[in-house]
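Data first, discussion second: the structure below is written as structure tokens.
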Amino acid sequence: MGVLKDTGQIEYSRGLEGVIAALSSISAIDGTQGKLIYRGIPIEALAKYSTYEETSYLLLYGELPTKENLEKFEREMRELRNLPEKVEECLKELPPDPHPMDILKVAVAHAALYDPDRQRACREGVMRKVIRIIAQIPTIIAYYHRTRSGKEVVPPDPELGHAANFLYMLHGKRPDEEEAKIFDVALILHAEHGLNASTFAAMVTASTLSDINSAIVSAIGALKGPLHGGANERVLKMLDEIGSADKAEEYVHNALKEKRRIMGFGHRVYKTYDPRARILKEYAEYLSNKYNDRKYIEIGEKIEEIMIRELGKKGIFPNVDFYSGIVYHFLGIPRDLFTPVFAMARSVGWAAHVCEYTQNNRIFRPRAYYIGPEYVEYNPIEQRR
Ligand code: SDX
């Protein structure tokens, strides 16, 4: 067995950096130019003209829907928003202190047990399960939040679109159209991003021919981490710690000196400004002015200036998580729901890649290069010291 004493001689890619693990036509990222396209359409056009429902159809089916197909898809999304009664009851029994991403994991797995299409493996059956998961995640998040806050749950409103309905179920009142639109854009921007860690987790699970619900639960677990979807809530925590723009320089200087990461910056693929962060920054700026509360945006813009000055040459720029939290803050979304909201948006990206990859499936099974001892005698316990 070829055992290498010194790993310096072996070429391997830590974190699979740069490794092409699949062929995909769902999205493409140009990390140098800072561009993102979904099925060939620039993210900026989708943010300007599309809706989360239309973008979800595009990601799942590969083309923009006709008016008739969009209406059918929207109708199905609205029909499938409600939770099984047992899941609703269970959400009331769960403790209020775990992180909502842990609640989401439990509730998505629980809901799957009552999915009438659970046993269907045909494409039509899988798509119905997919649409049900995408439609139910917002309801799970909103129901859990209302319940932990001691409030009555607010059932989905079939009159409202996906984004507006979430804010309605969360706050118990219809959002103003402008803010519902801003949230809808945020969902579009978070919907899909290639083989990021959570999408890859879903694909690895699905590649064993396990079921779509198990794949989504794997993805939720991966997204929770602070290096991935968990960064957005930590950005707001950092802005609160800094307190004012004039203290940003010292904070960043100390963090970098202590080799601490500034949340919301850096990216495995983007080595320039994340195009999603550009759009989210505009909305963060707009909402800060609308609410006449510029504290967060001023600290954020100061950190951006310092980080680009200090680390821009290393390709470290704001990523999608840096300004999204400020937008969610002004939309009244509680901080610990920022990552569940990311999951709500990304559920379609996870599903699209699972469906695409399993069409030409091969189980994922990379290798590790063994660097442990070549041979060790089995030592009876009496002789071990
Ligand atoms: C998302 O993959 C996706 O597409 C993810 C995502 C999506 O839509 O799915 O875009 C969503 O997860 C965005 C990223 C959210 N996470 C954060 O904001 C956490 C902070 N960022 C980092 O930890 C980091 O930038 C990663 C995790 C995002 C990327 O990590 P990499 O590619 O493994 O880079 P690295 O850790 O090897 O860092 C390279 C260098 C290091 O310095 P050196 O050791 O070479 O001197 O850059 C430095 C790092 O210290 N660095 C940072 C930094 N990010 C990288 N230094 C300070 N602050 C940071 N944020």
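The values are calculated or read from the model by the stated rules, or taken from the named source; none is laboratory data. Since the structure is predicted, the reported quantities are computational estimates derived from the model, not experimental observations. We place every Cβ from the backbone using ideal geometry, glycine too, and count neighbours over all the protein chains shown.
Among the candidates 277, 215, 219, single out the residue that is within 14 Å of the ligand (Cβ to nearest atom) and in the same structural domain as residue 205 (by TED's automatic domain parsing). Spell out the reasoning first.
Details: 277 fails: in the same structural domain as residue 205 (by TED's automatic domain parsing); 215 fails: within 14 Å of the ligand (Cβ to nearest atom).
Being within 14 Å of the ligand (Cβ to nearest atom) and in the same structural domain as residue 205 (by TED's automatic domain parsing) holds for just one of 277, 215, 219, which is 219.
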Of all residues being farther than 15 Å from residue 262 by Cβ and of a type in the set (Gly, Ala, Ser) in the range 280-305, which is surrounded by the most Cβ atoms within 10 Å (Cβ to Cβ)? Just the residue, please. 284
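Of all residues in the range 181-205, which are of a type in the set (A, V, I, L, M) and either surrounded by 21 or more Cβ atoms within 10 Å (Cβ to Cβ) or touching a residue at least 40 places away in the same chain (Cβ under 8 Å) (or both)?
Initially, the range 181-205 is screened for residues of a type in the set (A, V, I, L, M), giving 182, 185-189, 191, 195, 197, 201-204.
Of everything in the range 181-205, those that are of a type in the set (A, V, I, L, M) and either surrounded by 21 or more Cβ atoms within 10 Å (Cβ to Cβ) or touching a residue at least 40 places away in the same chain (Cβ under 8 Å) (or both) turn out to be 182, 185, 186, 187, 188, 189, 191, 195, 201, 202, 203, 204.
Before we move on, is residue 192 in contact with a Phe, Trp or Tyr (Cβ under 7 Å, 6 or more places away or on another chain), farther than 18 Å from residue 317 by Cβ, assigned to a loop (DSSP other than H, G, I, E, B) and more than 7 Å from the ligand (Cβ to nearest atom)? Explain how you work it out, then say what you get.
Values: in contact with a Phe, Trp or Tyr (Cβ under 7 Å, 6 or more places away or on another chain): yes; farther than 18 Å from residue 317 by Cβ: yes; assigned to a loop (DSSP other than H, G, I, E, B): yes; more than 7 Å from the ligand (Cβ to nearest atom): yes.
Considered against the rule, which asks whether it is in contact with a Phe, Trp or Tyr (Cβ under 7 Å, 6 or more places away or on another chain), farther than 18 Å from residue 317 by Cβ, assigned to a loop (DSSP other than H, G, I, E, B) and more than 7 Å from the ligand (Cβ to nearest atom), residue 192 comes out as yes.
Given 107, 112, 163, 142, which one is in contact (Cβ under 8 Å) with a residue 24 or more places away in the chain, among the small types (Gly, Ala, Ser) and more than 18 Å from residue 337 (Cβ to Cβ)? Steps first, please.
Details: 107 fails: more than 18 Å from residue 337 (Cβ to Cβ); 163 fails: more than 18 Å from residue 337 (Cβ to Cβ); 142 fails: more than 18 Å from residue 337 (Cβ to Cβ).
Only one candidate passes the filter, namely 112.
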Being out of contact with any Cys (no Cβ under 6 Å at 6 or more places or on another chain), buried (at least 24 other Cβ atoms within 10 Å of the Cβ) and outside the structural domain of residue 274 (by TED's automatic domain parsing) narrows it down to one of 340, 318, so name that one. 340
Condition test on residue 308, is it surrounded by fewer than 22 Cβ atoms within 10 Å (Cβ to Cβ) and within 15 Å of the ligand (Cβ to nearest atom)? yes
Out of the range 206-244, which residues are under 24 Å from residue 359 (Cβ atoms), without any contact (Cβ under 8 Å) to a residue 60 or more places away in the chain and among the aliphatic types (A, V, I, L, M)? 222
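Would a scan of the range 112-130 turn up a residue that is closer than 26 Å to residue 230 by Cβ and outside the structural domain of residue 272 (by TED's automatic domain parsing)?
The first filter runs over the range 112-130 and keeps only residues closer than 26 Å to residue 230 by Cβ, leaving 112, 130.
Next, from what is left, pick out any that are outside the structural domain of residue 272 (by TED's automatic domain parsing): 112, 130.
There is at least one residue in the range 112-130 that is closer than 26 Å to residue 230 by Cβ and outside the structural domain of residue 272 (by TED's automatic domain parsing).
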